[in-house]
1. What is the Cα radius of gyration of the stretch 115-188 over 2.2 N^0.38 Å, N being its residue count?
2. Where does the charge balance sit around His133 when Lys and Arg score +1, Asp and Glu -1, over other residues with C-beta under 14 Å from its C-beta?
3. Would you work out the relative contact order for the stretch 100-193, in percent, from Cα pairs under 8 angstrom that are 6 or more residues apart?
4. Where Lys and Arg each count +1 and Asp and Glu each count -1, what net charge lies around Tyr156 among other residues with Cβ under 15 Å from its Cβ?
5. Could you sort Tyr108, Tyr138 by their accessible area in this structure, using a 1.4 Å probe and putting the largest first?
6. Ignoring everything but the protein chains, give the 1.4 Å probe accessible area of Lys187 in square angstrom, nearest 10.
7. Could you please put Arg182, Arg155, Arg140, Arg42 in sequence from largest to smallest accessible area, using a 1.4 Å probe?
8. For labels at Val176 and Met146 in the simple 7 Å Cα→Cβ model, what's the distance in nm?
Amino acid sequence: ITDQYDYVDAKKLPPHQKALLKGLQAVSHSLQDQNVREMIRRMSPEEKSARWERHSPFGELRHLRDTRESAGRTVLAGDSDVAQGWTDGKTFIAIDQSVLRDILAGQYSISFLVSLMVHEHCHEEPDQGGHIHSMEFYQRFHDLMMLPHLVEMLRYTLVTAYAKAIALVGKKPNQVLMSEIRRNNTKLNLSLAQMEEIASSEEVIF
């Protein structure tokens with residue numbers, strides 16, 4: 001066992017692992033968007049007015065995302081004996097290739113993979129080797145994981161991007177991921193049905 005942190009060329013990954021990496025990249029973008037939303041929420045009215053004089057309110061989220069951390073950290077496949085994931089806190093998040101294999105084999109859940117991404121996203125400093133989880137880290141992790149529907153949205157984002165990526169290479173989704181895709185479709189249909197029910201209700205208050 002060594003404490004080295006190496007990286008795997010994405011081009012050499014099997015198709016399903018490569019597609020899963022695409023899904024994780026989509027999660028990274030979504031987490032960055034969440035950062036920007038929080039930044040906007042904390043702005044004073046004066047700061048918002050100053051920015052929106054230069055950018056339309058609809059383009060503000062994308063403008064801020066594109067000017068901060070290149071729209072999310074790049075997600076890499078890693079190779080380590082001692083870590084399932086690690087980051088430099090700014091430009092990348094690495095997920096150990098064994099985790100990708102275990103996800104596809106059904107040994108870890110999609111929720112675990114999402115929580116691992118949130119964990120690494122919350123590190124704002126390098127966490128290779130020994131590192132301490134500060135109270136600020138725990139607060140960031142807690143606040144993100146407790147946001148209503150965030151974990152569900154990240155699961156949907158991950159699996160949808162994976163499905164698109166694997167379809168582009170002419171392959172069917174992995175059996176484990178296929179069950180997650182069916183779960184997403186069921187929940188989406190339920191949500192649409194609920195929205196239609198609310199829309200047709202006479203008790204809707206605008």
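1. Values: Rg = 15.9 Å, N = 74, 2.2 N^0.38 = 11.3 Å.
So the Cα radius of gyration is 1.41 times the expected 2.2 N^0.38 Å.
2. Working: positive: Arg140; negative: Glu120, Glu124, Glu125, Asp127, Glu136.
Once all neighbours under 14 Å are counted, the net charge is -4.
3. Working: 37 pairs, mean separation 29.4, N = 94.
So the answer I get is 31 percent.
4. Values: positive: Lys22, Arg155, Lys164, Arg182, Arg183, Lys187; negative: Asp33, Glu152, Glu180.
Here the charged neighbours net out to +3.
5. Details: Tyr108 75, Tyr138 115 Å².
So, going from the largest accessible area down, we get Tyr138, Tyr108.
6. Estimated to the nearest 10 Å², Lys187 gives 90 Å².
7. Values: Arg182 145, Arg155 30, Arg140 75, Arg42 175 Å².
Ranked list, largest accessible area first: Arg42, Arg182, Arg140, Arg155.
8. Using points 7 Å along Cα→Cβ, the separation is 3.1 nm.
The values are calculated or read from the model by the stated rules, or taken from the named source; none is laboratory data. Since the model is a prediction, treat every value here as computed from it, not as a measurement. Every residue, glycine among them, receives a Cβ derived from its backbone with ideal geometry; neighbour counts consider all protein chains shown. Ligands, DNA and RNA are excluded from the accessible area calculation, which covers all protein heavy atoms including side chains. Shrake-Rupley method; radii C 1.70, N 1.55, O 1.52, S 1.80 Å.
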